[in-house]
Amino acid sequence: MTTAERAPARPLAGPPAAAALLGEAARRAQALPTTPNLALVRVGEDPASVSYVKGKAKKAAEVGLRSQVHALPEHTTAAELLTLIHTLNANDDVHGILVQLPLPAHLDPQPALLALDPRKDVDGLHPVSTGLLWSAQPGLRPCTPAGVMALLAHYEVPVAGSRAVIVGRSVLVGRPMAALLLNASATVTVAHSRTPDLGAVTRDADLLIVAAGQAHLITPDMVKPGATVIDVGINRVPTGDGRGRLTGDVHPDVGLVAGALTPVPGGVGPMTVAQLLMNTVLAAERQHVEVHGELVR
Ligand code: NDP
């Protein structure tokens, strides 16, 4: 069949899948005796970070969770940041802690990340969370790749037994995505900037997940007809009016070859915040079970 004869790819829209995940988070939060509480830590006034943190707090309220923003000044020292994290760790009324990245240049994010109580690590980036993920033990998973798994489940995309290819090997997306797909019984390949003949690798994929941060890196000739393509990339390309336009790592014409494709924007993006709130509920549930024993739902 030629690309001209194929039906356009099924759009895997994020908002309905995110709404389902948020609904599940709200239902489970209500079943808890204490409303889950998320601490959002931000340092400085980076406009993107200010807007992300505001968005997360707003979404938390919509789902019926509590949250507080701890906005520290730009000149905060590493010791002051660690003191706040230790205080939040010790507070039994805080179930999840998120340190918004990037931090100002003078602050190394690693000590802050390591200082988090892994039980409250709702971003899923603490080495304990990574270890649990790679050993297929229950734990808190990084939000974007876990959100992708929730999206695949929502649209009933088969994962077990599929050939999955991930483009990108970052700690934030590519690596945990590989572990999640492996745990879900896919056969997983991870490609990166040093992979020779990327197209030969991606053409093998039933399930292609692209998180490279390169606008339109994946073109139709690099995709197996009928494959499911998940575009994690968010790139701002110039539009001439100085405002720019958001686009993914996947060329729009891939929609003529793929069986299913996530749009950008409106694909993976909404899943990331939904998964953060789900992680907050999961963290609160586990902390409740540790103190009080089993949950009654
Ligand atoms: P990073 O820059 O940390 O990692 C990018 C990865 O892609 C690296 O492993 C890099 O390889 C690989 N890569 C870059 N260029 C190529 C290429 N030409 N061919 C093959 N591989 C390549 O980015 P992130 O993982 O943090 O993010 C990836 C994208 O996803 C970005 O656009 C980001 O904005 C977006 N994103 C979206 C989120 C959402 O909610 N939708 C959340 C998080 C990220 P190497 O390791 O060899 O350098």
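The rows are residues; the columns are (1) modelled with pLDDT of 95 or more; (2) within 14 Å of the ligand (Cβ to nearest atom); (3) not in a loop (DSSP other than H, G, I, E, B).
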| position | (1), (2), (3) |
| --- | --- |
| 225 | yes, no, no |
| 230 | yes, yes, yes |
| 239 | no, no, no |
| 242 | no, no, no |
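Among (1) open to solvent by 60 Å² or more (accessible area, probe 1.4 Å); (2) over 24 Å from residue 95 (Cα atoms), where does residue 261 come up short?
Checking residue 261 against (1) open to solvent by 60 Å² or more (accessible area, probe 1.4 Å); (2) over 24 Å from residue 95 (Cα atoms), the one that fails is (1).
Of all residues in segment 200-220, which are touching a helix residue (DSSP H, G or I) at 6+ places or on another chain (Cβ under 8 Å), open to solvent by 10 Å² or more (accessible area, probe 1.4 Å) and away from the ligand (no atom under 15 Å from the Cβ)?
Listed by number, the list holds a single entry, 220.
Residues 140, 181: which one is away from the ligand (no atom under 11 Å from the Cβ) and in a helix (DSSP H, G or I)?
Step by step, each of 140, 181 is checked, and only 181 is away from the ligand (no atom under 11 Å from the Cβ) and in a helix (DSSP H, G or I).
Find the helices (runs of 4 or more DSSP H) located wholly in segment 1-119 whose residues include 3 or more that are of a type in the set (S, T, N, Q), and list them.
78-90
Answer with yes or no whether residue 246 is open to solvent by 20 Å² or more (accessible area, probe 1.4 Å), more than 14 Å from the ligand (Cβ to nearest atom) and among the aliphatic types (A, V, I, L, M).
no
Any idea how many residues of segment 159-176 are within 9 Å of the ligand (Cβ to nearest atom), surrounded by fewer than 18 Cβ atoms within 10 Å (Cβ to Cβ) and on the phi > 0 side of the Ramachandran plot?
The qualifying residues number 0.
Which of the residues that make up segment 221-230 are at negative phi and surrounded by fewer than 19 Cβ atoms within 10 Å (Cβ to Cβ)?
Across segment 221-230, the qualifying residues are 221, 225.
Can you pull out every residue in segment 269-282 that is touching a helix residue (DSSP H, G or I) at 6+ places or on another chain (Cβ under 6 Å) and either surrounded by fewer than 18 Cβ atoms within 10 Å (Cβ to Cβ) or of a type in the set (A, V, I, L, M, F, W, C) (or both)?
Answer for segment 269-282, where residues must be touching a helix residue (DSSP H, G or I) at 6+ places or on another chain (Cβ under 6 Å) and either surrounded by fewer than 18 Cβ atoms within 10 Å (Cβ to Cβ) or of a type in the set (A, V, I, L, M, F, W, C) (or both): 271, 273, 274, 276, 277, 278, 281.
The values are calculated or read from the model by the stated rules, or taken from the named source; none is laboratory data. Given the structure is predicted, the values throughout are model-derived calculations rather than measurements. Because the Cβ atoms are built from the backbone with ideal geometry, glycine has one as well, and the counts that use them run over all protein chains shown. Ligands, DNA and RNA are excluded from the accessible area calculation, which covers all protein heavy atoms including side chains. Shrake-Rupley method; radii C 1.70, N 1.55, O 1.52, S 1.80 Å.
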